[in-house]
Amino acid sequence: MGKIAVYPGSFDPVTNGHCDLVMRGLRLFDKVIVAIARNGTKDPLFTIEERLEMLNESFKDIPGVEVDAFDGLLVDYVVRREANAILRGLRAVSDFEYEFQMALMNRKLNRDVQTVFLMTGLRWIYISSSIIKEAARFGGETRGMVPDIVCEKLKEKFASLKPDA
């Protein structure tokens with residue numbers, strides 16, 4: 001079966017930083033499952049279906065990448081998918097505290113599920129989905145920071161949200 005990692009997140013939207021992490025994860029794992037967490041506490045810009053579409057398009061030619069969505073506890077999903085680890089990215093020290101807490105909680109819930117942290121590539125360290133959405137909301141250019149399909153979808157989404165003048 002090989003080594004499988006689950007890379008969870010909201011991916012609202014996927015950025016080039018996320019893509020970079022997946023590609024580097026493939027150097028360590030035979031398969032990376034990019035899994036959208038259905039999180040009731042967040043108010044996403046894109047639907048689950050839209051995010052699945054963008055992720056599938058972004059990774060369509062990359063062997064070893066699968067895109068999925070899940071509900072419930074991450075550790076339960078990891079076990080169901082017969083994965084070996086949770087893959088997480090760290091951009092800055094500010095990410096570490098939250099990610100460390102989550103890793104410890106996941107370990108408490110299931111000692112067999114390991115968490116592997118990769119530092120975000122320096123080229124993408126300032127990028128987050130929130131910052132991308134904020135820039136796009138006000139007409140900022142996001143090309144080069146997100147996959148092409150995401151640029152298109154951001155423009156479409158914000159054009160559809162503008163009130164008619």
Any idea which of (1) under 18 Å from Asp12 (Cβ atoms); (2) part of a helix (DSSP H, G or I) is the one Ala103 doesn't satisfy? (1)
Surrounded by fewer than 20 Cβ atoms within 10 Å (Cβ to Cβ), out of contact with any helix residue (DSSP H, G or I) (no Cβ under 7 Å at 6 or more places or on another chain) and free of Cβ contacts under 8 Å to residues at least 60 places away in the same chain, is that true of Leu52? yes
Cβ-Cβ below 7 Å, separation at least six or inter-chain, first residue in the range 70-85 and under 10 Å from Ile33 (Cβ atoms), second aromatic (Phe, Trp, Tyr) and surrounded by 20 or more Cβ atoms within 10 Å (Cβ to Cβ): which pairs? Phe70/Tyr77
Just to be sure I understand the filter: pairs with C-beta atoms under 7 Å, separated by 6 or more residues or on different chains, first member in the range 18-34 and in contact (Cβ under 8 Å) with a residue 12 or more places away in the chain and within 22 Å of Val75 (Cα to Cα), second member in a helix (DSSP H, G or I) and not polar (S, T, N, Q). Which pairs pass? Val32/Val22; Val32/Gly25; Val34/Val22; Val34/Leu55
For Phe100, are the conditions met, namely being at negative phi, in contact with a helix residue (DSSP H, G or I) (Cβ under 8 Å, 6 or more places away or on another chain) and among the aromatic types (Phe, Trp, Tyr)? no
Has the range 69-87 got any residue that is modelled with pLDDT under 95 and buried (at least 17 other Cβ atoms within 10 Å of the Cβ)? yes
Residue count, the range 108-165 (criterion: in a helix (DSSP H, G or I), of a type in the set (S, T, N, Q) and either on the phi > 0 side of the Ramachandran plot or surrounded by 13 or more Cβ atoms within 10 Å (Cβ to Cβ) (or both)): 1
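The values are calculated or read from the model by the stated rules, or taken from the named source; none is laboratory data. Owing to the predicted nature of the structure, the values given are computational and were not obtained by experimental measurement. FYI the Cβ positions are ideal-geometry reconstructions off the backbone, even for glycines, and counts take in every protein chain you see.
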